[in-house]
1. How much space per residue, in cubic angstrom, does the convex hull of the C-alpha atoms of the chain take up?
2. Quickly rank 234-240, 134-140 as a protection proxy: mean count of other C-beta atoms within 10 Å, highest first.
3. Going toward the positive end of the dipole of the chain, with +1 on Lys and Arg Cβ and -1 on Asp and Glu Cβ, which of MET103, PRO267, THR317 do you reach last?
4. Given the options THR159, THR243, THR216, which has the most mean-square fluctuation in a GNM of the chain, springs set between C-alpha atoms less than 10 angstrom apart?
5. For LYS248, go through the lysines and keep the ones whose alpha-carbon is under 25 Å away, minus same-chain ones fewer than eight residues off.
6. Between helix 113-148 and the chain, what is the angle of the helix's C-alpha long axis to the longest principal axis, kept within 0 to 90° and rounded to the nearest 10?
7. Suppose we flag trypsin sites (Lys or Arg not before Pro) only when DSSP calls them loop and at most 16 other Cβ atoms lie within 10 Å. Which is the longest uninterrupted stretch of the chain?
8. Give the accessible surface of the chain per residue, rounded to a whole number of Å², with probe radius 1.4 Å and ligands, DNA and RNA excluded.
Amino acid sequence: MTEALSSLDQTSALVDPDERRGGTGTTRFVLAKIGGALASLLLVIVLGFFLFRTLPGDPVRFMVRDRPTDPKMMAELREQMGVDKPLLQQFWDYFVGLLHGTMGDSYLQRRPVVDMIGERLWPTILLVGSATVLAIALGLWLGIRAGWRRGSRFDKGQTGLALTLWSVPQFWLGLMLLVATNGLFPSRGMHSPDAAPGFFSEGLDVLHHLVLPCVTLLVVFYAQYMLVMRSSLIGEMNSDYLTTARAKGLRDDLVRKRHAVPNALLPTVTLVFMQFGMVVSGAVSVEAVFSWPGLGQLLYEALRGPDLPVLQGVFVTLAGAVVLMNLLAELLYRVLDPRVRTA
């Protein structure tokens, strides 16, 4: 037993103190980032609750649609909805509900907000996910070609086009696509009422409806990925390791694929996560233009009330997703870049 403990002490003494500090530093880094993300989420909850309370309009009067209503009935409705309580008490009830996984009931539909968000979540994921994947693939491919051929006609043309598209508002572009296609693709909703039954037919119908909103997001966000990838690759082109690779006799395309592109991908990979908030905000306006039945359309419908529980629920859901993506970006950057781990 004594020999085993002595051997264990000798083994632990051989461990490099820097490695011990590295592990401790990584743990401290992860915990700090998670703590920062939780603090950001709490701030979002607080700001979201009080911000929507400043919106004009009375949800109770909107429910009765300005019909003659007895004041006693109006008071009972306010009590049922909880809007007669002090503002701080309303916030506390809302916060406790969030901790228990509830977001209250919709003022207009009298349904749990969690259920309403769950119904609208997958259409938004389909739209945002499809547009993001296509934008990444197209942006990286064009960015690599443009950066490797810096100064060429292709580079100048693609850079000018990307800068133009990046500055275009998504809702305006969606409206222009509606005019340009002139009924070639569906302009509203996610399903056609006369679509043939069956998994394959319904899937094709959804894809047909997805074309315009997906293209609207795609052409704006591919431009950002293309410009960042181009800039990152140009920054790597004069590096010493590329000169060494060429000196060893590697072909130019192999130098690009094996050495330049992997190192230039780092900023673009983290950008995918960091810019998730921009994609979500773009999806909100695009869903409103095309009446896509996602969270953006639900948010747009709730603004007309205002349906405060729905507004707060959608806002917290979208903001929480953005906070999570930013957290993943910071953690992923530390994994991918050794310079951050040793800093």
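1. 253 Å³
2. Per-residue Cβ counts within 10 Å, averaged per peptide and sorted highest first, yield 134-140, 234-240.
3. PRO267
4. Evaluated over the chain, the most mobile residue of the options is THR243.
5. Cross-link targets: LYS257.
6. The answer is roughly 30 degrees.
7. Longest stretch, sites excluded: 189-247.
8. That works out to 57 Å² per residue.
The values are calculated or read from the model by the stated rules, or taken from the named source; none is laboratory data. The shown structure was predicted, so the numbers you read here are calculated from the model rather than taken from an experiment. With ideal geometry, Cβ positions are generated from the backbone for all residues, glycine too; neighbour counts draw on all protein chains shown. Each accessible area value is taken on the protein alone, full model and side chains, heavy atoms only, with ligands, DNA and RNA left out. Shrake-Rupley method; radii C 1.70, N 1.55, O 1.52, S 1.80 Å.
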